[in-house]
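One structure below.
The values are calculated or read from the model by the stated rules, or taken from the named source; none is laboratory data. This one's a predicted model, so the numbers in the text were calculated from it and none came from an experiment. Note: ideal-geometry Cβ built from the backbone for every residue, glycine included; neighbour counts use all protein chains shown. We work out accessible area using only protein heavy atoms, side chains counted, and drop any ligands, DNA or RNA first. Shrake-Rupley method; radii C 1.70, N 1.55, O 1.52, S 1.80 Å.
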Amino acid sequence: MEESINEIKNKTLDEILNAKNLQEIEEIRVKALGKKGELTAILKMMGTLSEEDRPKIGALVNLAKAQITEKITEAENRFKEEEINKKLETEKIDVTLPSKKIIRGSKHPLNRVIEEIEDLFVSMGYDVASGPELETDEYCFERLNLPKGHPARDMQDSFYITTEYLLRTQTSAVQARTLMANKDKTPIREIVPGKTYRREDDATHSHQFNQVEALVVDENISFANLKATLEIFMKHILGENTKLRFRPSYFPFTEPSYEVDVSCFKCGGKGCNLCKNTGWIELLGAGMVHPNVLRMNGYDPNKYSGFAFGTGLDRLAMFKYGITDIRLLYENDIRFLKQFDRRDI
Ligand code: DAH
């Protein structure tokens, strides 16, 4: 019996020495010391031994167990340490490597222009207002002195959803909404940047485009206020040397009405292909708020007067940044947008 105990012990210690990983160690442990292990089997046979042999053999088995357990623990610790070292090696972070390039987005040219305009007008005490893009015929036309059947409706090819609802063709719709919401309260000073829709589609027109509207209503508002405001506005956006020209025009919601041209910023007014050799570029519609519009929306035209103007933001952005095709503003081509990743324009 002593012999077989020693044999088991030596064989097991040998196996431990040759084991290659934690799993093999565990298998060796089970084979020697587990419930059905070789040494356990010997312990189970103790009952068959003589009184005399029992303590001797018992001590031998226990010693063998202790030695095996010690070697197993040693081996386990060694393998665990190896594993940790391997992990540390493979997961090493080289902090001196260059980092991944962070691609920064840029502000869309339209948003740049809108923000610039908002900042300017807010600094002059205006509110920034908005209204629904799905608008009623009433607010888009009727309350702006454009009753059903009015010939001026032909100027704006509209997307009607039903006979009453359409995609707004002009941000002027918000003028009527603001007046109706404030009814006789003044002063009104607002700008309305927003999306508008018309049935057109070519290099300079898009079915969806952007306008900014301005409305001021108070006592004693005159054409001088309109002119001064537009001068500040245009010089701020297009440059100090910009000149303005007012041409008489017609809009149903203003009287008198004007179309406003700015001196060509490409040639400075000398004449070039951009201004078609006229030196001027047509940019805005403007005028004094029509008394009918004031009356219809709750303001007494004998007490109050106002001015309004509206302009296409896409055109403005195109002129400002020298963009030749309006569709570039809507395609989100990274190569195009990247050019606006600058703070100095
Ligand atoms: N709403 C007009 C358009 O889309 C532009 C316009 C003209 C707006 C005169 C105004 C205005 O506020 O007074 O063509």
Yes/no for L179 being assigned to a helix (DSSP H, G or I) and modelled with pLDDT of 95 or more: yes
Scan region 138-148 and tell me whether some residue there is touching a strand residue (DSSP E or B) at 6+ places or on another chain (Cβ under 7 Å) and assigned by TED's automatic domain parsing to the domain that holds I326. yes
Residue list for region 31-48, restricted to those being open to solvent by 30 Å² or more (accessible area, probe 1.4 Å) and in a loop (DSSP other than H, G, I, E, B): K35, K36
The conditions are (1) small (G, A, S); (2) in a helix (DSSP H, G or I); (3) at positive phi, and G125 fails exactly one of them. Which is it? (2)
In the set A317, A286, the lone residue that is in contact with a strand residue (DSSP E or B) (Cβ under 8 Å, 6 or more places away or on another chain), closer than 23 Å to E116 by Cβ and modelled with pLDDT of 90 or more is A286
Tell me, yes or no, whether region 227-250 has at least one residue that is within 19 Å of D314 (Cα to Cα), assigned to a helix (DSSP H, G or I), open to solvent by 70 Å² or more (accessible area, probe 1.4 Å) and away from the ligand (no atom under 16 Å from the Cβ). yes
Given (1) open to solvent by 60 Å² or more (accessible area, probe 1.4 Å); (2) within 16 Å of the ligand (Cβ to nearest atom); (3) not in a loop (DSSP other than H, G, I, E, B), L166 misses just (1)
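Yes/no per residue for (1) crowded, with 16+ Cβ neighbours inside 10 Å; (2) at positive phi; (3) small (G, A, S); (4) touching a helix residue (DSSP H, G or I) at 6+ places or on another chain (Cβ under 8 Å):
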site	(1), (2), (3), (4)
T73	no, no, no, no
I84	no, no, no, no
E91	no, no, no, no
I102	no, no, no, no
G131	yes, no, yes, yes
R143	yes, no, no, yes
Within region 182-200, considering residues that are at pLDDT below 95 and within 20 Å of L134 (Cα to Cα), the one most open to solvent (accessible area, probe 1.4 Å): R199
Name the residue, out of G269, G279, G287, that is within 13 Å of the ligand (Cβ to nearest atom) and either more than 30 Å from I188 (Cβ to Cβ) or surrounded by 21 or more Cβ atoms within 10 Å (Cβ to Cβ) (or both). G287
Among V212, V192, which is the only one that is more than 20 Å from I326 (Cα to Cα), within 12 Å of the ligand (Cβ to nearest atom) and within 33 Å of the chain's Cα centre (by Cα)? V192
Could you list all residues from region 290-316 that are crowded, with 22+ Cβ neighbours inside 10 Å and more than 15 Å from the ligand (Cβ to nearest atom)? Y299
Please state which one of I117, I84 is assigned to a helix (DSSP H, G or I) and either in contact with a Phe, Trp or Tyr (Cβ under 8 Å, 6 or more places away or on another chain) or at pLDDT below 90 (or both). I117
Suppose the filter is open to solvent by 20 Å² or more (accessible area, probe 1.4 Å) and either within 28 Å of M318 (Cα to Cα) or within 11 Å of the ligand (Cβ to nearest atom) (or both); does Q156 pass it? yes
Tabulated pairs, region 170-181, first in the same structural domain as G298 (by TED's automatic domain parsing) and within 11 Å of F141 (Cα to Cα), second in a helix (DSSP H, G or I) and more than 11 Å from the ligand (Cβ to nearest atom), C-beta under 7 angstrom, 6+ apart or interchain: A173/Y139; A176/Y139; A176/R143
Taking the condition of being among the basic types (K, R) and touching a residue at least 40 places away in the same chain (Cβ under 8 Å), how many residues in region 34-55 meet it? 0
Does region 87-114 hold any residues that are assigned to a loop (DSSP other than H, G, I, E, B) and closer than 30 Å to A228 by Cβ, and which are they? K107
